[in-house]
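Worksheet: the structure to be examined is printed underneath.
Just so it is clear, none of the values below were taken in a lab; they were calculated from the coordinates. Just so we're clear, the structure is a prediction, and the values are computed from it rather than from any experiment. Cβ coordinates were reconstructed from backbone atoms using ideal geometry, including for glycine residues, and neighbour counts include every protein chain displayed.
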Amino acid sequence: MQKHPLIVALDFPTKENVLSFLTPFENRELFVKVGMELFYREGVPFLYDLKSKGHSIFLDLKLHDIPNTVKRAMQQLASLEVDIVNVHAMGGVQMMSAAKEGLVAGTPAGGKLPTCIAVTQLTSTSEEMMQKEFMISASLNDHVIHLCGLVKEAGLDGVVCSAQEVQRIREEIGSSFYTLTPGIRRKEDAADDQQRVVTPFLAAEYGADAIVVGRGITRADNPVLAYDQYEQEWRRGR
Ligand code: C5P
């Protein structure tokens, strides 16, 4: 797997939309994120199409269910040989450990175990919302760190988090804990519904292992140019 990838979020409804987005990239091999919208429509065959074009895949389905169900679901996902999968940390230690067991059981002999990360709090969640809606009285940062501890305890590789949280995670959880950060915007782009946006440069300076960029690239007038600008800024900060 690429060491510090810029992952493009393919938040499109159909494979036709994805293919027209990818066409101007010609034969470049990208690292892409396939989320629920696209996967629920196009399913496994489209993942194989993307893999056959040389793209690496983060399958972002954010599993959250009872441990046994998550284990069996992960066993299925492991057989697809994608690069990164994820769960919600709020499912608890037992559920996350079960996810890992499923991945180990489902990875074909000689195949590479997918990186398994957990979502702590969505980057669209503000502290006020967390405290009022979920009645979690801790600060957002403390809660995220607490969840990271559970993720580590369960034996997963790391977390999806805001780049603003990376430095503290490095200090308190450890430097080999994988941090993948969405909510990335260049200064000139709109924040949309994200509450805690960070530039690619700062994400790199904070030490994020990977960034996920969606609308900043997919909705740009010239997506290839936008990709290159995000990529350059991400590399410059490293
Ligand atoms: O368009 P934008 O760059 O905001 O897209 C970010 C992508 O990352 C979306 O696909 C979103 O679902 C995903 N994501 C996120 N925050 C998380 C986990 C995933 O924004 N905590």
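Note on segment 6-236: lysine pairs with Cα distance below 14 Å, sequence gap of 8 or more or different chains, count 10. Helices of the chain meeting both criteria, an alpha-carbon length of 15 angstrom or more along the long axis and an average Kyte-Doolittle score not below 0.0, with helices taken as full DSSP H segments, are 93-106, 140-153.
Stretched out straight at 0.36 nm per residue, the stretch from His146 to Met129 would grow longer than its current Cα-Cα span by 4.3 nm. A helix-only calculation puts the chain at -13500 deg cm²/dmol for mean residue ellipticity at 222 nm, using -39500 (n - 2.57) for each DSSP H run of at least four residues, averaged over all residues. Its Cα gyration tensor gives segment 1-69 an equivalent ellipsoid; the semi-axes, largest first and in whole Å, are 22, 15, 10. In this entry, segment 87-238 is assigned a mean projected area of 10.2 nm², taken as a quarter of its C-alpha convex hull surface. Spin-label pair Glu101-Ser52: with each label point 7 Å from Cα along the Cα-Cβ axis, the two points sit 3.6 nm from one another. Based on Cα contacts under 8 Å between residues 6+ apart, segment 6-236 shows a relative contact order of 17 percent. In a DSSP loop and with at most 15 other Cβ atoms within 10 Å, the trypsin sites (Lys or Arg not before Pro) in segment 30-107 are Lys53. Taking label positions 7 Å along the Cα-Cβ direction at both Ile66 and Leu202, the computed distance is 4.3 nm, reported to one decimal. Each principal axis of the Cα cloud of segment 21-142 was evaluated for its coordinate range; sorted largest first, these ranges are 48, 36, 24 Å.
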